[in-house]
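K.L.:
Before we start, here is the structure in question, set down as structure tokens.
The values are calculated or read from the model by the stated rules, or taken from the named source; none is laboratory data. Just so you know, these numbers come straight off a predicted model, no measurement behind them. Ideal geometry is used to build each Cβ from the backbone, glycine not excepted, and the neighbour counts take in all protein chains shown.
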Amino acid sequence: MKKRLLILLSMVFLVSIVTACNNSTSGKSKEVVKIGVTGADGPYWKLIEDKAKAKGITIELVEFSDYIQPNTALANGEIDMNSFQHIAFLAPANVENGFTIVPIASTTITPTGIYSQKYEDLSEIPDGSQIAISNDPANLGRGLSLVETAGLIELKEGVGIYGTLDDIEKNPKNLEFIPVVSQQTAQALQDVAASLINNGIAGQAGLNFKDSLLYDDPKSEEARPYVGVFAVREEDKDNETYKTIAKLYQEADVIEAVKKETNGGSIVVDIPAEDLQKTLKQLEESIKNKQ
């Protein structure tokens, strides 16, 4: 009897050890990180997910239909990271909502272009035409700056990157700017003379930025605020798991997949987190100073 009891106890002990070992090894593979995105169907995300899984990290992509929700969800702890925005978009979101969201790595920079289905040259756009433009502060300012570069308007001196429609000083063609949600700038193209469309959205709509009437230079120094980022809550900026995921974006096959998916329109850039955070702070201060 004692012998049978001893054997039974030994078996229970052995099962406990095996279970504990399995839990220990599987615990790592079950580490789940929720990442907020606004377009998760790209093949490069599948690559990143597979690479992360090999490192014991399961990525759960949470797709949002607009540009407001991903930061709110991150600030509220509903997701762990997001990857959909550039620094110029993040800065006003932080200031206006009291968020403390920071970038931990760069992703891509994409040009914004002036597109038209009706005209082949900027000079052909008639007086009084309607121009669709993003309604969020960062992309509105960027779009207006491009329209100024095109010679269609003049902005007030010293406007900076957050120009508004009220900052238009000269509008010789009496163009009517129609602010729309960023994701709708491509859809609006058929109803307006031209539309200001970021290449990320343009690519999803089957457009190529090289076919636009004019696009900004994504490699210029002025483009730094428009670098896309992986963003997290400030208290998580040193989280090694999140950093590991961000580094996967810089691997050669991911870079190639991004290039292929966007027809070369999105350029993967690798900028130190400290530099990204410095740019963010500068933009936040400039916004606060204008309030």
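K.L.:
Taking the conditions exactly as written (of a type in the set (Lys, Arg), over 22 Å from Thr110 (Cβ atoms), in contact (Cβ under 8 Å) with a residue 40 or more places away in the chain and surrounded by fewer than 21 Cβ atoms within 10 Å (Cβ to Cβ)), does Lys243 satisfy them or not?
P.N.:
So Lys243 passes the test.
K.L.:
Follow-up. Taking the conditions exactly as written (more than 12 Å from the chain's Cα centre (by Cα) and not assigned by TED's automatic domain parsing to the domain that holds Phe230), does Ile79 satisfy them or not?
P.N.:
no
K.L.:
If you don't mind, there's one more thing I want to ask. Is there any pair with a first residue in region 276-291 that is modelled with pLDDT of 95 or more and a second that is part of a helix (DSSP H, G or I) and among the polar types (S, T, N, Q) whose Cβ atoms are under 7 Å apart and which are 6 or more apart or on different chains, and what are they?
P.N.:
Short answer, once both residue conditions are applied: Glu284/Asn94.
K.L.:
Here is a follow-up. Return yes when Val159 is modelled with pLDDT of 95 or more and either assigned to a loop (DSSP other than H, G, I, E, B) or assigned by TED's automatic domain parsing to the domain that holds Glu261 (or both) and no when it is not.
P.N.:
It is false that Val159 is modelled with pLDDT of 95 or more and either assigned to a loop (DSSP other than H, G, I, E, B) or assigned by TED's automatic domain parsing to the domain that holds Glu261 (or both).
Residue-by-condition table, conditions (1) at pLDDT below 95; (2) part of a helix (DSSP H, G or I):
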| site | (1), (2) |
| --- | --- |
| Lys51 | no, yes |
| Thr58 | no, no |
| Val62 | no, no |
| Asp66 | yes, no |
| Pro70 | no, yes |
| Glu78 | no, no |
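K.L.:
Testing Lys173 on (1) under 24 Å from Gln117 (Cβ atoms); (2) basic (Lys, Arg); (3) within 23 Å of the chain's Cα centre (by Cα), one condition comes back false. Which one is that?
P.N.:
It is condition (3) that Lys173 fails.
K.L.:
How many of the residues making up region 193-226 are surrounded by fewer than 22 Cβ atoms within 10 Å (Cβ to Cβ), hydrophobic (A, V, I, L, M, F, W, C) and within 17 Å of Glu124 (Cβ to Cβ)?
P.N.:
3
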